[in-house]
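A quick write-up on the structure given underneath.
Just so you know, all these numbers are worked out from the coordinates, no wet-lab data involved. Everything numeric here is computed off the predicted structure, so don't read it as measured data. Methodologically, a virtual Cβ is constructed for each residue, glycine included, from the backbone with ideal geometry; neighbour enumeration extends over all protein chains shown.
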Amino acid sequence: MSILRRPTSLFRPRRGPNQSLLTENRALIEDIDRRKLLRGAVSLGALSMLTGCDIAEQSQVQSALRSVSSFNDWVQAKIFDPNKLAPTYSVDQVVKPPRFNAYYEIENVKPVDLASWKLELSGLITDKRPWGLDQISALPEQEVIIKHICVEGWDYIGQWSGPNLRQFLTQIGADLSAKYVAFHGQDDYMESIDMASALHPQTILATKYAGEPITDPFGAPLRLRTAVKLGFKNPKWIRAIEVTNTYQEGFWEKQGFNWFSGL
């Protein structure tokens, strides 16, 4: 995934001493804008009115913005319906191959050695024995034709198949009352999702795209595909799954993006 394009509806740099503050807090302002929950309400004046803070105080501005962003996450988590299905599409709408996205360029992808690959398990799981690719491939396969929506604004329709994540978590004895499921990628990319989203009927551990095994550039041999999260919440090249009650910030959350990031 590349750098977020800068929306213009809320953030318009002005000349003056506060321009640097806006620049430093751009990620949070853009994220609030993308959420559209408070569209038109976030500005230097609005921040000072809402929080009573002096906009010249960088720490106060940062705190105010993070509070609004956290509130957005809280609202999304509260209104999330774990049984509502996302729209699905027809085979003729599928884009082939899938679009590559990562925080680095495609030529920097390091292929995974499929012969030695194992899926490690940790955290609140009864059976932590690692899984081989042949074991995962032997599980019942679910197909979803859903839209991948990137926080940058682009999307495409993809055809993914692999084990249903809820069924897999149940089989390994995961604590389904835990709060989060964390996914660790071979490229050190890590993302966590809430348990409700992990248990959603359209959340799978994808091993195939358009009926064929996923190839190196697109997350082989295993990647998360959920219909209820933005693209960056779907890690690729998964090497480990952890069930936990402690939230771990992923790569993009550390850049200021919302942790829930639902659709």
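How far is it, in nm, from the label point at Glu143 to the one at Val95 when both lie 7 Å from their Cα along the line to the Cβ?
In this crude label model, Glu143 to Val95 measures out at 2.0 nm.
What net charge is computed for the residues neighbouring Gly123, neighbours being all others with C-beta under 10 Å from the C-beta of Gly123, Lys and Arg scored +1, Asp and Glu -1?
Result for the local shell: -1.
Would you kindly derive the ³J(HN,Hα) couplings of the stretch 141-146 from the backbone phi angles with the Karplus curve 6.51 cos²θ - 1.76 cosθ + 1.60 (θ = phi - 60°), listing them in order in whole Hz, with x for Gly and Pro?
9, 10, 10, 10, 10, 10
Between Lys229 and residues 5 or more places away or on another chain, which pairs have amide H atoms under 5 Å apart, with H built 1.01 Å from N, and which residues are they?
Leu263
What does the net charge come to around Lys147 if you take all other residues with beta carbon closer than 13 Å to its beta carbon, with K and R at +1 and D and E at -1?
Within the 13 Å Cβ shell, the charges total +2.
Just list whichever of Lys179/Lys208; Lys84/Lys229; Lys179/Lys233; Lys96/Lys254 have alpha carbons separated by over 25 Å in the model shown.
Checking Cα-Cα distances, Lys179/Lys208; Lys96/Lys254 exceed 25 Å.
Counting Lys and Arg as +1 and Asp and Glu as -1, what is the net charge of the other residues whose Cβ lies under 12 Å from the Cβ of Gln171? Provide the component values of the computation, followed by the final result.
Details: positive: Arg129, Arg166; negative: Asp127.
So the environment of Gln171 carries a net charge of +1.
Please report Leu139, Leu222, Leu121 as a ranked list, fewest other C-beta atoms within 10 angstrom at the top and most at the bottom.
Details: Leu139 16, Leu222 26, Leu121 20.
The order, fewest Cβ neighbours first, is Leu139, Leu121, Leu222.
Please compute the length gained on full extension between Glu249 and Asp113, using 0.36 nm multiplied by the number of residues separating them and subtracting their Cα-Cα distance.
46.2 nm
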